[in-house]
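The values are calculated or read from the model by the stated rules, or taken from the named source; none is laboratory data. Remember, it's a predicted structure, so these values are computed and weren't measured experimentally. Methodologically, a virtual Cβ is constructed for each residue, glycine included, from the backbone with ideal geometry; neighbour enumeration extends over all protein chains shown.
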Amino acid sequence: MSSDVTSNPLVSDAALEVRGLRLGYGATEIVKGVDIAARRGAVTTIIGPNGSGKSTLIRGLAGLLRPLGGSIWLEGRDLTALPAVRRVAEGVGYVPQEANIFRNLGVAENLRLATEFVPGRQSSARERDEILALFPDLAVRGALAAGRLSGGQRQMLAMACALLARPSILLLDEPSAGLSPRLVAETMQTVREVCDRGVSILMIEQNVAAALPVSDQVVVLVAGRVRLQSAADRLLVDHNLHRLYLGEAA
Amino acid sequence: MIAQLVLNGLVTGMVVALGAVALTLTYSILKFPNFAVGGMITLGAYIAWLVNVPLGLPLPGAAVLAAIGLAAVMLAADRFVFRPLRDRGAITLLVAAMGLSLILENICRLAFGNVARNFDVDPERPWRVSGLRIHPEQVTTAVVTVAAMAGLWLVLRHTRLGRAMRAVADNPDLAAVRGIDRDRVTRRTWVLAAALVALSGVLIGMDRAIDPLMGWAYIIPVFAAAILGGLGSPGGAVLGALLIGVAQELSVLVIEPNYRQVVGFVAIALVLLARPRGLLGVEEIRR
Amino acid sequence: MIAFLVTILTLVAIAAILALALNLQWGLCGMVNFGLVGFFALGAYAAALLSLAGAGPALALLGAMVITAACGAAVAALSHRLAEEYLAIVTLGFGEVVRLTLLNESWLTGGALGLPGIPSPTLRLPGPGGEHVGFLVLCLIALALAYLVVERLARAPFGRLMRAVRDDDVVAATLGKDVVRVRIAAFAIGCALLALGGALHAWHFGYIDPSQFTPIVTAYAFMAVIAGGRGSNPGILVGAGVVMLLIEGSRFLKDVVDFVAADQLAALRLILIGAGLILFLIYRPQGLGREYRRSAASFPTVPAPASS
Ligand SMILES: Nc1ncnc2c1ncn2[C@@H]1O[C@H](COP(=O)(O)OP(=O)(O)OP(=O)(O)O)[C@@H](O)[C@H]1O
Ligand SMILES: [Mg+2]
């Protein structure tokens, strides 16, 4: 709605800033007032027990849920009132937890749709090749229905599609879910690489052990509230976190 | 005799196919079965009749105007009926669609009465080809239907709109995230569906007469064809329609002709019992 | 004048029974019965044929209700594995099958000519037109019983379950099998009530033919339910009364405005019904009344599957 660039002293180094965000389905509030600042050029990882509202939060950031309160800022622009269709053009990339590709469409069509309806965010041929080079598995692409891809390939395709629209923040919902340990490590590596190329990342992960090493910041979400927000390397040695997190999950 | 019935059945099936494909298109984008299809058939035929007989335009031109007119009506219906109800679930939408059907059908009755009308076309004698009687209208029907289906296939497979439609049908949330505006896709889907239904209305009007109940008589075969094809699959809907058409014609060998319409109902029942995903259905029908 | 009033009240009572039945099916359970008129006709013909064959009123009524309920159960069972939308088309198809059968099986149904001379029960009340008043009393008793049945179902745990299922897909998916059984039962009970309405209709007119059973009846019933407020039984009574009065009242219109022909008037009425349905759905989905329902907080919470 408003495209005025509000300068905001608090977000100087935050790509995405969420303030007091409240989200829910119908009358039930799931995300109950969340403040998060995802640093520019960093991987911010959200962890938390099942059902704590992580996916709900990230769906809200992608614009699929109308906020009940609070605000969402990307690079100083207020996205709060924008629906999902308009947020891509503002630089929000989103890879859902499941159903992250068009199953009945071909792989090539999926890639084509990544930018076809996003005005002003087409990537150049070189950028395109670079992005696709990150995902060598997609070489099997073409007319094959994307639903026929393996879980890992699907995740790769989904991430490639999101990146082709040149997002300034990439939202990933459990990119490692259902992947073999080897693929989990690879995926995390890819996440790091993407970030190092200048895309800020906000990612949900259950696999804390795999995610922490590639993360810069960690947010712990419990029952729809931020329990803890901290630098990742601090948490690596903080046994309290493990207790807290695993304790809540049990 | 049997060959003649099969031929007639295929032609009937083609007319049904137009409606069934339209139903399938709106279903996959809007996620509710459009019970207004009966009223749409009737209104489409009457618009064509209005242009053809009182205004004296040749039938092909009248058919095009009927498609445009019906598309305009359905755009208005989308704006004022379906859009306000979009988030209220399929049940509410399908009842509203039935209400709309009632309105469309009775606008025709109010304006033109209950008497049956006919298009202004010269009746031609059927051709005889190796023992088969082929009516010129049957050939027209076949040509128009095949052309419409081919056109639709091209749109769905090879245009931006087609990709957007398939994307929304496949995964509406992801489509939104990819910047595809569902409202726009919805409006264009209504235009396509209305054009197909208007054509089927004109073809039905050529085959029998134009009267306010003509669309009602086609609701069940059209739904049966779409369900047989697995709601959501245009190719399946065409196949389903041809099967229904042929089965309807062949049924006269075993049951009284008056019960032909029962065939569609029986087909629905059998599909629901034996193969709920339809013949070519890609997704399991939800429960 | 009294006689006219008695007739109107009788028709309102029958309409109210149909509306209550649809309210149980659609209003409470979300099961769209587009073939309502088919079940109504089936009940009417079954009761008429049994009465003509010499069965007493109680037996004729029981037979009609059992047959119709069985058909209803079969139709609901046929569609139960699928989304609710399919019930709508299956019932519509059932209605057409009934219509065709009535028209074509003349040996049984009299075909287009229908069945004349149906003997009907009544209470012999004194006074002029006493038997008409007596029949009205019977209809009101039937209506009261139907009301009690539907109201009890709505208030029972069964009713709460149905509302929860109707309003929430997750709950519906979670509860599975039980819900299916309960829904089939609810649909069958609704159909039995439609048969009750049909039997009263046949007895009231003493003569039935297929032209009395057009899909318009279904449209009126939907209008009554949506106007009265889905799920609200007291509201439904008002809704049915209002719809019936409008229909009967508009008959006088053609005496006043003589430039509209009868069939144009009928068309106009149906346009208004269609528009009314849509407008109510959009602007007043709760109808004129309010649905009986406890606050959401007092429902036992049903665990939703942790979506992941
Ligand atoms: N579409 C929906 N409608 C209603 N409630 C929902 C919906 N989606 C999720 N919920 C509820 O919201 C709560 C949070 O769900 P969410 O998916 O956000 O959790 P999560 O933290 O992502 O869990 P997980 O780790 O299992 O993915 C859960 O109680 C869930 O049942
Ligand atoms: Mg989740």
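Checked against (1) modelled with pLDDT of 90 or more; (2) outside any helix (DSSP H, G or I), A:Ser230 meets all criteria but (1).
Yes or no, residue by residue, for (1) within 16 Å of ligand 1 (Cβ to nearest atom); (2) without any contact (Cβ under 8 Å) to a residue 24 or more places away in the chain; (3) within 25 Å of A:Leu105 (Cα to Cα):
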position: A:Pro167; (1), (2), (3): no, no, yes
position: A:Ser180; (1), (2), (3): no, no, no
position: A:Ala185; (1), (2), (3): no, no, no
position: A:Gln189; (1), (2), (3): no, no, no
position: A:Val194; (1), (2), (3): no, no, no
position: A:Val199; (1), (2), (3): no, no, no
position: A:Leu212; (1), (2), (3): no, no, no
position: A:Gly224; (1), (2), (3): yes, no, no
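Being within 19 Å of the chain's Cα centre (by Cα) and more than 7 Å from every other protein chain (Cβ to nearest Cβ) is a description that applies to A:Leu74.
The residues listed here are C:Pro126, C:Pro121, C:Pro116; of these, the one that is closer than 22 Å to C:Asp209 by Cα and over 23 Å from the mean Cα position of the chain (by Cα) is C:Pro116.
Taking the conditions exactly as written (free of Cβ contacts under 8 Å to residues at least 60 places away in the same chain and either within 14 Å of another protein chain (Cβ to nearest Cβ) or over 21 Å from A:Ala223 (Cα atoms) (or both)), does A:Arg86 satisfy them or not?
On the way: free of Cβ contacts under 8 Å to residues at least 60 places away in the same chain: yes; either within 14 Å of another protein chain (Cβ to nearest Cβ) or over 21 Å from A:Ala223 (Cα atoms) (or both): yes.
So A:Arg86 fits the description; yes.
Taking every residue in segment B:196-209 that is over 12 Å from B:Gly39 (Cα atoms) and pairing it with any residue that is among the acidic types (Asp, Glu) and part of a helix (DSSP H, G or I), at least 6 positions away or on another chain, the pairs with Cβ-Cβ distances below 7 Å are B:Met206/B:Glu137; B:Asp207/B:Glu137. Only one of the numbered conditions (1) within 13 Å of chain B (Cβ to nearest Cβ); (2) within 16 Å of ligand 2 (Cβ to nearest atom); (3) without any contact (Cβ under 8 Å) to a residue 60 or more places away in the chain; (4) of a type outside the set (Ser, Thr, Tyr) is violated by A:Arg121, and that is (2). A:Asn100 satisfies every condition listed in (1) among the polar types (S, T, N, Q); (2) buried (at least 20 other Cβ atoms within 10 Å of the Cβ); (3) away from chain B (no Cβ under 12 Å) except (3).
Can you name every residue in segment B:104-144 that is closer than 30 Å to B:Ile2 by Cβ and of a type in the set (Lys, Arg)? Those that are closer than 30 Å to B:Ile2 by Cβ and of a type in the set (Lys, Arg): B:Arg125, B:Arg128, B:Arg133.
No other residue among A:Gly91, A:Gly106 is on the phi > 0 side of the Ramachandran plot and within 14 Å of chain B (Cβ to nearest Cβ) apart from A:Gly91. One residue stands out in segment A:79-89 among those that are surrounded by 18 or more Cβ atoms within 10 Å (Cβ to Cβ) and part of a helix (DSSP H, G or I): the one that is nearest to ligand 1 (Cβ to nearest atom), namely A:Ala84.
The set of residues in segment C:27-55 being in contact (Cβ under 8 Å) with a residue 12 or more places away in the chain, surrounded by fewer than 24 Cβ atoms within 10 Å (Cβ to Cβ) and not in a helix (DSSP H, G or I) consists of C:Gly30 alone. Only one entry of B:Asp87, B:Asp78 meets the criterion of being assigned to a helix (DSSP H, G or I), in contact with a Phe, Trp or Tyr (Cβ under 7 Å, 6 or more places away or on another chain) and among the acidic types (Asp, Glu), and that entry is B:Asp78.
Quick one: in segment B:80-119, of everything that is out of contact with any helix residue (DSSP H, G or I) (no Cβ under 7 Å at 6 or more places or on another chain) and closer than 24 Å to C:Leu268 by Cβ, which residue is nearest to the other protein chains (Cβ to nearest Cβ)? Working first, answer last.
Within segment B:80-119, the first condition is being out of contact with any helix residue (DSSP H, G or I) (no Cβ under 7 Å at 6 or more places or on another chain), and the residues that meet it are B:80, B:83, B:86-89, B:91, B:97-98, B:111, B:115-116, B:118.
The next check asks that each one be closer than 24 Å to C:Leu268 by Cβ; those that pass are B:80, B:97-98, B:111, B:115-116.
Working: B:Phe80: 8, B:Ala97: 9, B:Met98: 7, B:Ala111: 9, B:Val115: 10, B:Ala116: 14 Å.
Per the criteria, the residue is B:Met98.
From the list C:Leu100, C:Leu161, C:Leu140, C:Leu62, the one residue that fits, being within 14 Å of chain B (Cβ to nearest Cβ), of a type in the set (A, V, I, L, M) and not in a loop (DSSP other than H, G, I, E, B), is C:Leu100. Sub-6 Å Cβ pairs linking a first residue in segment A:39-68 that is more than 14 Å from chain C (Cβ to nearest Cβ) to a second residue that is near ligand 2 (Cβ under 9 Å from one of its atoms) and outside any loop (DSSP other than H, G, I, E, B), at least 6 apart or interchain, are A:Ile46/A:Lys54; A:Ile46/A:Ile204, ordered by first then second residue.
Against the numbered list (1) surrounded by fewer than 14 Cβ atoms within 10 Å (Cβ to Cβ); (2) not in a loop (DSSP other than H, G, I, E, B), B:Met165 comes up short only at (1). Residue check: A:Lys54 meets all listed conditions (1) within 13 Å of ligand 1 (Cβ to nearest atom); (2) under 28 Å from B:Asp183 (Cα atoms); (3) among the charged types (D, E, K, R) but one, namely (2). Note on segment A:43-66: residues that are assigned to a loop (DSSP other than H, G, I, E, B) and touching a strand residue (DSSP E or B) at 6+ places or on another chain (Cβ under 6 Å) total 4.
Across segment B:205-261, the qualifying residues are those that are touching an Asp or Glu at 6+ places or on another chain (Cβ under 7 Å) and small (Gly, Ala, Ser), and the one among them that is nearest to the other protein chains (Cβ to nearest Cβ) is B:Gly232.
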